[in-house]
1. Suppose we take every Cα in the range 194-262 and form the convex hull; what volume per residue is that in Å³?
2. What are the semi-axes of the equivalent ellipsoid of the range 139-188, taken as the square roots of 5 times the eigenvalues of the Cα gyration tensor, listed largest first and rounded to whole Å?
3. Go through the range 219-236 residue by residue and turn each phi into a ³J(HN,Hα) via Karplus (6.51, -1.76, 1.60, θ = phi - 60°); whole Hz please, and just put x for glycine and proline.
4. If you build a Gaussian network model of the chain, linking Cα atoms that sit under 10 Å apart, which residue out of 318, 360, 60 swings the most?
5. Would you please give the FRET efficiency between residue 254 and residue 176, computed as 1/(1 + (r/R0)^6) with r the Cβ-Cβ distance and R0 = 30 Å, to the nearest 0.05?
6. Take 373, 113 and order them by how many other Cβ atoms sit within 10 Å, fewest up front.
7. What nm value, rounded to one decimal, do you get for the distance between residue 360 and residue 139 when each label is placed 7 Å out toward the C-beta?
8. Report the full-extension gain for the segment residue 72 to residue 227: residue separation times 0.36 nm, less the Cα-Cα distance, to one decimal in nm.
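What follows draws every value from the coordinates through simple rules; no lab data is involved. It should be emphasised that the depicted structure is a prediction, and the values quoted were computed from it without experimental measurement. All Cβ positions, glycine included, derive from the backbone under ideal geometry; neighbour counts span all protein chains shown.
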Amino acid sequence: MSAERLRVAMLTLYPRDPSRIAGGVRAVAYNLAQGLGRYPDLELHVAHCHGDIQRDETARAGDVTIHYLAPARRLRMLPNMTAGIGRLRRFLRELAPDVVHAHVAPFAVAAARYPTVYTIHGLAGEEARSYTSSLFDRLRYGLYAYYDRRALRQARELVAISQYVMDAYGGRTSARWQRIDNPLTDDFFQAAALAPERPNLVLFAGSITEVKDLETLIAAIALVKQTMPAVQLHLAGRVTSAEYQERLLAQVRSLDLEGNVTFRGLLDRGELLQAYAECALVALPSRQENAPMAVIEAMAVGKPVAATRVGGVPELVREGETGHLVEPGDPEGLAEAMLDLLRAPERRVEMGQRAQALARERFALDAIAGRYRALYYRVAGREVP
């Protein structure tokens, strides 16, 4: 174990290119590493072990060391993250950290022999219900749920990024809980100045995946178009399934929305900030969420949100104050919520201002990094210097 600086191993999904971040876990890990890297008493090592890495590489970002680790060759049915468990165990033996911070369940299992903090970003069992289109998906999420149960039993400290997680998991573990919000970097709070608002533009920011239920959003846009023909929907995010995207494109064609819906792909950071600045509102039609970064980012930019009342979303969106909440799978309700915001520019601004004030209170990077630092020391059994 390290004798002076606290050696922390963060096992997570981490962006290969920080200017182009795909997925909430990667965004949280990147943001948190920026905050923790400011503490000279921490020796932070971030480990990303995933099938997108073909050979081991090491990079530096300021005072943070990032390890891109290639997992062992795997069977096709094994998720990338589970295939990396053995590689991460070897990495931890070589590093000998004082504390491990895991952000996904299989990585928490890999850290079983070390003092471990496990941040829960999603409910595996709930998310699995949205991925039923193939046998592979069912097997993949069933295996992930198994590792999720093991991680709950093994971790010393659990971090919930929403009360929703604590309520769902609280009776299934004897570990100690902490409630710590996701962190956000300062550039989101300043993004509104990057571009003027386009008053007819709705933005979805997130992975193009089944759990987001983009069919409902596209159907809702078709309803909005009946009243507001110039409405625009931009879908910004990586495509995780070409088959799913083709279904969405077919829906767009069938509803005569080719001139209203744009698939923008995965945006780089500058493009994403500008997209938030330009939109009138952010829509999130998901079937399942925990504490979605798209909502947190929208709040920080000062944009109201129309979202589904699922998971931890009601802890972020205050109905009638910072946006609107609707039931999942309800295109009529979502269309009504979006129209209410699109028709009322002054109220949109007021909602956005309230959302941004709440975001400053809850998601400031320095405060959240400080809470994690204190937690690391406690788990390691050392006094905070």
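1. Dividing the Cα hull volume of the range 194-262 by its residues yields 83 Å³.
2. With the √(5λ) rule applied to the range 139-188, the semi-axes are 23, 16, 10 Å.
3. 4, 5, 5, 4, 5, 4, 4, 4, 9, 10, x, 8, 4, 10, 10, 10, 9, 10
4. Highest fluctuation among the options: 60.
5. Working: r = 52 Å, r/R0 = 1.72.
Approximately 0.05, to the nearest 0.05.
6. Neighbour counts put them in this order, fewest first: 113, 373.
7. 5.2
8. 50.4 nm
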